[in-house]
1. Would you please list the contacts, defined by Cβ atoms under 6 Å and residues six or more apart or on different chains, that run from a residue in segment 19-42 that is free of Cβ contacts under 8 Å to residues at least 60 places away in the same chain to a residue that is open to solvent by less than 60 Å² (accessible area, probe 1.4 Å)?
2. Anything in segment 327-358 that is farther than 13 Å from THR295 by Cβ, assigned to a helix (DSSP H, G or I) and touching a strand residue (DSSP E or B) at 6+ places or on another chain (Cβ under 9 Å)? List them, or say none.
3. Looking at (1) touching a strand residue (DSSP E or B) at 6+ places or on another chain (Cβ under 6 Å); (2) away from the ligand (no atom under 13 Å from the Cβ); (3) charged (D, E, K, R), find the lone condition where LYS87 falls short.
4. Listed residues THR122, THR73; which is over 19 Å from the mean Cα position of the chain (by Cα), among the β-branched types (Val, Ile, Thr) and buried (at least 24 other Cβ atoms within 10 Å of the Cβ)?
5. Answer with yes or no whether ILE94 is touching a helix residue (DSSP H, G or I) at 6+ places or on another chain (Cβ under 9 Å) and either β-branched (Val, Ile, Thr) or without any contact (Cβ under 8 Å) to a residue 60 or more places away in the chain (or both).
6. If LEU250 satisfies every condition in (1) buried (at least 16 other Cβ atoms within 10 Å of the Cβ); (2) not in a helix (DSSP H, G or I) but one, which is the exception?
7. With within 24 Å of the chain's Cα centre (by Cα), without any contact (Cβ under 8 Å) to a residue 60 or more places away in the chain and open to solvent by 20 Å² or more (accessible area, probe 1.4 Å) as the only criterion, which of ASN309, ASN255 stands out?
8. Quick one: which residue in PRO193, PRO241, PRO235 is touching a residue at least 12 places away in the same chain (Cβ under 8 Å), within 12 Å of the ligand (Cβ to nearest atom) and open to solvent by 30 Å² or more (accessible area, probe 1.4 Å)?
Amino acid sequence: MHKKLFIPGPVEVRPDVLEQLSRPMIGHRSKDASALQRRISDNLRKVFFTESEILLSTTSGSGLMEGAIRSCTAKKAAVFSVGAFGKRWYEMAISNNVPADLFEVELGQAITPEMVDKELATGQYDLVAVTHNETSTGVMNPIKEIGEVVKKYPEIVFIVDTVSSAAGTKIEVDNWGIDVCITSSQKALGLPPGLAVCTFSNKAKERAEKVKNRGFYLDLLSLYNFIQKKDYQYPSTPSIPHMHALDYQLDYILNKEGLENRFARHIELAEVVRAWGRKYFELLPEDKYLSNTVTTIKNTRNIDVAALNKELGERGFQISNGYGSLKGKTFRIAHMADCQMEDIQELLSNINDILGLE
Ligand SMILES: *Cc1c(COP(=O)(O)O)cnc(C)c1O
């Protein structure tokens, strides 16, 4: 039996989106490929509220995260981490010989603008990396406010991991001063895994021009230069099925559902899950940092999360245990992409039934 996914990626994908993956191939050096890519870029600019160039990569989101920190750090990166995915960015820097410092907070807490200001004031850094929506803890960092601080330091290239939030909650890339904003196909965009997307500002481009060893496949500057020269085609063969599905889904998001409606639906879903979490358990993050796409619930009743998930599985649902050290101590319910209110209500009533909650 198929289990409906309420995990924070990969997400449940609509059948009509899945159908797009089986369309006949087109040549990646054809006019059709250029037109497809151009349409995707124009529509993604609307999703990200940006004028920046859009880059695609046939990797998961981690590919562009690694590419961004390597391609855009000339001096030293300041990585602000609130959990597993923030830390991953630091590990990427170090394993690529990119100088970096890691600043962490306790799990469940957020990065504050003051914290960023304090570190940037030292003048050691020329890049800031932050996670917008930390999928391991359900914390949504105040990127807009952090962006205000970053704007005081013109040298800083600001790169943001919005893998589990972009297209599920409003992210104003240009207003918030984000230079590289990264996401993956398999989270709030509602596609299968296998494609990553980022915005790439002029400032990021100018920085990358000063960085000597940017790698090869994930060199953001070479991707940028290639699509300028070759009319939006890619240096290597991209995942054309994903591009067909993304093109279709962007039309759905922008023209069928509507971007603002999509964001509003995510908040409504989040509020229902939060209310349930507060009624029977507690929420991990503070109220003002709650994620709109995934809710992390403290296991205050000391339930057996694995056993709950097993029983849910028999009924055709799957949620997530806590991540890493939070396993068993928390569990996570994702409400992203094309998840609807009926889906969430059906899930929660099944959980209530299994746990005997009223
Ligand atoms: C899922 C996730 C990633 C990793 O993305 P992949 O597409 O699996 O490489 C990075 N950051 C966040 C916040 C995520 O949720």
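1. ASP32/ILE26
2. To start, the set of residues in segment 327-358 that are farther than 13 Å from THR295 by Cβ comprises 327-329, 337-338, 340-343, 345-346, 349-350, 352-358.
Imposing the further condition that a residue be assigned to a helix (DSSP H, G or I) reduces the set to 341-343, 345-346, 349-350, 352-355.
Correct list: ASP343, GLU346, ASN350.
3. Among (1) touching a strand residue (DSSP E or B) at 6+ places or on another chain (Cβ under 6 Å); (2) away from the ligand (no atom under 13 Å from the Cβ); (3) charged (D, E, K, R), LYS87 violates only (2).
4. On the way: THR122 fails: buried (at least 24 other Cβ atoms within 10 Å of the Cβ).
Just a single option satisfies the conditions, and that option is THR73.
5. Values: touching a helix residue (DSSP H, G or I) at 6+ places or on another chain (Cβ under 9 Å): no; either β-branched (Val, Ile, Thr) or without any contact (Cβ under 8 Å) to a residue 60 or more places away in the chain (or both): yes.
When the stated conditions are applied, ILE94 does not pass them.
6. Result: LEU250 passes all but (2).
7. Numbers: ASN309 fails: within 24 Å of the chain's Cα centre (by Cα).
Of ASN309, ASN255, the one residue that is within 24 Å of the chain's Cα centre (by Cα), without any contact (Cβ under 8 Å) to a residue 60 or more places away in the chain and open to solvent by 20 Å² or more (accessible area, probe 1.4 Å) is ASN255.
8. Values: PRO241 fails: within 12 Å of the ligand (Cβ to nearest atom); PRO235 fails: within 12 Å of the ligand (Cβ to nearest atom).
Selected residue: PRO193, the only one of PRO193, PRO241, PRO235 that is touching a residue at least 12 places away in the same chain (Cβ under 8 Å), within 12 Å of the ligand (Cβ to nearest atom) and open to solvent by 30 Å² or more (accessible area, probe 1.4 Å).
The values are calculated or read from the model by the stated rules, or taken from the named source; none is laboratory data. Computed from a predicted structure; not experimentally measured. For neighbour counting, all protein chains shown are included, and Cβ atoms are generated from backbone atoms with ideal geometry for every residue, glycine included. Side chains included, ligands, DNA and RNA excluded: accessible areas come from the protein's heavy atoms. Shrake-Rupley method; radii C 1.70, N 1.55, O 1.52, S 1.80 Å.
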